[in-house]
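Written out below as structure tokens is the structure these notes cover.
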Amino acid sequence: MENNTFSLRDGSTRGALVGPIGQTVHLQPFVDGVDRLHGAFPWHPDGTRSLYATDAAWQCFACRAGGDAVDWIMRRDAVDRTQAGALVHERRSRPLHAHIAVVRSLTLAT
């Protein structure tokens, strides 16, 4: 069953989300300055870039799938919740605002 909410179930995964998504999806910052990224959802055709990600949660607004870092890794790596949780804690990512700054600097450099 999909988690159809745009919220965290467990605060321990906060800040760990952008790295795992960025390994799968080309993320771009919104032009409105809000701390969120968007990209094409990798598990169905997505010409509208309907995947939205923050430090804490992700959601595809086309199919309504969503969750936190553990949910993303479970789906991406086909592992159970315990294994995904261990991976999240091993691979803590930089916060979203730092990732956005890197993406913007690369965009400006081209």
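Taken together, the values in this text are just the output of simple stated rules run on the coordinates, not laboratory data. Note that this is a predicted model, so its numbers are computed, not measured. All Cβ positions, glycine included, derive from the backbone under ideal geometry; neighbour counts span all protein chains shown.
For segment 26-72, just say rounded, prolate or oblate: build the C-alpha gyration tensor, square-root its eigenvalues into a ≥ b ≥ c, call rounded for a/c under 1.5, and beyond that prolate if a/b exceeds b/c, oblate if not. Verdict is oblate for segment 26-72. Evaluate E = 1/(1 + (r/R0)^6) for residue 26 and residue 86, where r is the Cβ-Cβ distance and R0 equals 30 Å; express this FRET efficiency to the nearest 0.05. Calculated value: 0.70.
Here the 3J(HN,Hα) profile of segment 75-85, calculated from phi with Karplus coefficients 6.51, -1.76 and 1.60 at θ = phi - 60°, is 5, 5, 9, 6, 10, 7, 4, 5, 5, 5, x Hz, Gly and Pro shown as x.
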